[in-house]
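**Q** Please read through the structure below; I'll follow up with questions.
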Amino acid sequence: GSSPDHVIGICRGEALKVIEQVRTLRKAELQLHGKLENIALHELNKIGYSELTEDEKSGFAPILLFVDRQTILDQGWRGLQAVLSEPYPVKVFILDHGIPNKEGALGEARQLQAGMLSTMAMANAFIYQGGLGNAQDLLQGLADGIAHQGPALFHLFSLVPDLHRVKSGSWKDFDYLSSISRAFPSFRYAPKSRQDFLKGALDIEMNPHWKMDWATEQVEDTGNKKSVYTITWADWAFTFKGWEDQFTKADPAPDHSGLHDLLALPAEQRRGRVPVITRAGKTGREYYEVSKLVMDIADEALAHWRSLQELAGMRVAHPQRFRKEITKELTAAFEEEKKAIITEYEDKIRELEHRHTEEFRKKLKENLVNLAKMARARQEMSAEPHNDEMR
């Protein structure tokens with residue numbers, strides 16, 4: 001229930017206590033070595049929290065702050081980010097069930113995603129997002145965040161079973177679905193690891209199929225046949241209580257397209273297609289047409305996931321511009337190579353023509369000389385006198 005200003009005030013008060021303790025210890029150490037002078041005392045009185053060593057800052061006990069999803073939506077990120085921009089070890093825990101209010105759901109998704117990304121951009125707080133499903137990764141994220149000398153933000157998936165109409169035998173099923181549908185992807189952001197802006201600081205590899213847009217799994221079709229099914233945010237929304245009207249059961253139709261296939265297309269190419277998801281039924285897969293609201297939020301979830309991939313170094317920034325530049329470079333290189341090859345072959349053809357022409361001239365000359373010799377020999381034979389004794 002504390003306001004951001006109240007929390008920051010508490011932190012600054014605690015920081016002054018730590019600084020005073022450090023001054024006392026440093027002063028005692030200077031006295032011990034006989035180095036306590038007016039200049040040294042003046043420098044001691046000037047030190048602030050940022051001048052403390054990591055060991056000295058460890059005297060500041062972490063302050064834990066717990067908020068829920070609705071508090072963020074009601075009050076926005078401004079106050080929370082003010083706390084997280086300070087150098088003090090405030091550890092903020094956001095407990096989030098991951099289910100938006102149907103009215104304003106798209107705005108909720110954008111607000112939460114934008115808040116997380118802008119908090120990363122401050123490059124000050126350690127951030128961990130995830131759930132209880134991957135206990136080892138969760139414990140490591142908590143340990144790293146608590147050990148971080150500055151602030152830390154933990155955005156944790158917290159299941160509320162009563163908000164789901166689809167029941168499951170284990171809470172882990174919901175935790176896993178929230179992650180694999182890109183509704184609540186896991187990631188770890190460590191600002192001290194960054195190399196350039198956010199590069200090197202963000203890790204998303206703990207997610208299923210983290211190199212792909214969506215995760216896939218094997219499902220059973222009619223006749224015990226297996227097929228690959230792509231899971232999207234719509235599969236997560238299908239479990240929500242009160243969202244039944246966003247899914248319409250239907251028979252397979254020619255204009256049906258898997259939601260993931262439609263989301264891969266530009267908006268103008270989606271017209272005339274009906275997005276569907278499938279669920280396991282008693283006689284095989286059952287088809288459900290998806291509402292525009294669900295499709296829009298799934299599109300937003302995909303855009304956010306791609307942003308995380310890009311910041312983690314898995315996706316090239318500005319792919320269209322990059323593709324055009326590469327195409328231009330490759331085309332220029334191809335034309336240069338083609339020109340060089342044509343020039344080379346033209347030179348070879350000219351060389352061959354010259355060589356063959358010389359050989360032809362040489363052979364023609366030889367033949368002409370031989371013909372001349374033969375003609376001369378015939379003339380000489382014709383000019384010789386006849387021998388009568390031979391008759």
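So that you can scan it fast, the table gives a plain yes or no per residue for (1) within 21 Å of Gly130 (Cβ to Cβ); (2) touching a residue at least 40 places away in the same chain (Cβ under 8 Å); (3) polar (S, T, N, Q):
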| residue | (1), (2), (3) |
| --- | --- |
| Leu52 | no, no, no |
| Asp55 | no, no, no |
| Ser58 | no, yes, yes |
| Pro62 | yes, yes, no |
| Leu65 | yes, yes, no |
| Asp74 | no, no, no |
| Leu80 | yes, yes, no |
| Tyr88 | no, yes, no |
| Phe93 | yes, yes, no |
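**Q** Okay, next question. Return yes when Gly223 is closer than 30 Å to Lys102 by Cα, modelled with pLDDT under 90 and surrounded by fewer than 14 Cβ atoms within 10 Å (Cβ to Cβ) and no when it is not.
**A** No: the conditions fail for Gly223.
**Q** OK, next. Hey, does segment 268-291 have a residue that's within 17 Å of the chain's Cα centre (by Cα) and aliphatic (A, V, I, L, M)?
**A** No, because not a single residue in segment 268-291 is within 17 Å of the chain's Cα centre (by Cα) and aliphatic (A, V, I, L, M).
**Q** Looking only at segment 150-172, filter to residues that are small (Gly, Ala, Ser) and part of a loop (DSSP other than H, G, I, E, B); which one of those is farthest from the chain's Cα centre (by Cα)?
**A** The extreme case among them is Gly169.
**Q** Collect the residues in segment 165-205 that are in contact with a Gly (Cβ under 7 Å, 6 or more places away or on another chain) and at pLDDT below 85, keeping them in residue-number order.
**A** Ser193, Arg194, Lys199 - these are the residues of segment 165-205 that are in contact with a Gly (Cβ under 7 Å, 6 or more places away or on another chain) and at pLDDT below 85.
**Q** Hey, does segment 162-181 have a residue that's out of contact with any Asp or Glu (no Cβ under 8 Å at 6 or more places or on another chain), touching a residue at least 60 places away in the same chain (Cβ under 8 Å) and polar (S, T, N, Q)?
**A** Yes, some residue in segment 162-181 is out of contact with any Asp or Glu (no Cβ under 8 Å at 6 or more places or on another chain), touching a residue at least 60 places away in the same chain (Cβ under 8 Å) and polar (S, T, N, Q).
**Q** Being of a type outside the set (S, T, N, Q), assigned to a helix (DSSP H, G or I) and surrounded by fewer than 14 Cβ atoms within 10 Å (Cβ to Cβ) is the filter here; which residues of segment 51-81 pass it?
**A** Listed by number, the residues that qualify are Glu51, Glu54, Asp55, Asp74, Arg78.
**Q** Let me ask you something else. How about segment 201-303: which strands (runs of 3 or more DSSP E) wholly inside it have at least 1 residues that are of a type outside the set (Ser, Thr, Tyr), touching a residue at least 40 places away in the same chain (Cβ under 8 Å) and on the phi > 0 side of the Ramachandran plot?
**A** Fully inside segment 201-303 and qualifying: 284-290.
**Q** I've got another one for you. For Gln129, are the conditions met, namely being of a type outside the set (A, V, I, L, M, F, W, C) and out of contact with any Phe, Trp or Tyr (no Cβ under 7 Å at 6 or more places or on another chain)?
**A** No, not satisfied.
**Q** I've got another one for you. Pick out the one residue from Glu389, Glu335 that is assigned to a helix (DSSP H, G or I) and either modelled with pLDDT under 75 or not charged (D, E, K, R) (or both).
**A** After ruling out the rest, the residue left standing is Glu389.
**Q** Would you say Asp245 is over 26 Å from the mean Cα position of the chain (by Cα) and loosely packed, with under 13 Cβ neighbours inside 10 Å?
**A** Here the answer is yes, as Asp245 does meet what is asked.
**Q** Of (1) modelled with pLDDT under 80; (2) in a helix (DSSP H, G or I), Ala317 satisfies all except one. Which?
**A** All conditions pass for Ala317, except number (2).
**Q** Can I ask one more? With Thr230, Thr216 as the choices, which residue is modelled with pLDDT of 90 or more, under 30 Å from Gln136 (Cα atoms) and touching a helix residue (DSSP H, G or I) at 6+ places or on another chain (Cβ under 7 Å)?
**A** Just one listed residue meets the conditions, Thr230.
**Q** Please state which one of Asp175, Asp137 is surrounded by fewer than 19 Cβ atoms within 10 Å (Cβ to Cβ) and part of a helix (DSSP H, G or I).
**A** Testing whether each residue is surrounded by fewer than 19 Cβ atoms within 10 Å (Cβ to Cβ) and part of a helix (DSSP H, G or I) leaves just Asp137.
The values are calculated or read from the model by the stated rules, or taken from the named source; none is laboratory data. Since the model is a prediction, treat every value here as computed from it, not as a measurement. Here the Cβ is made from the backbone with ideal geometry for all residues, glycine too, and neighbour counts use every protein chain on show.
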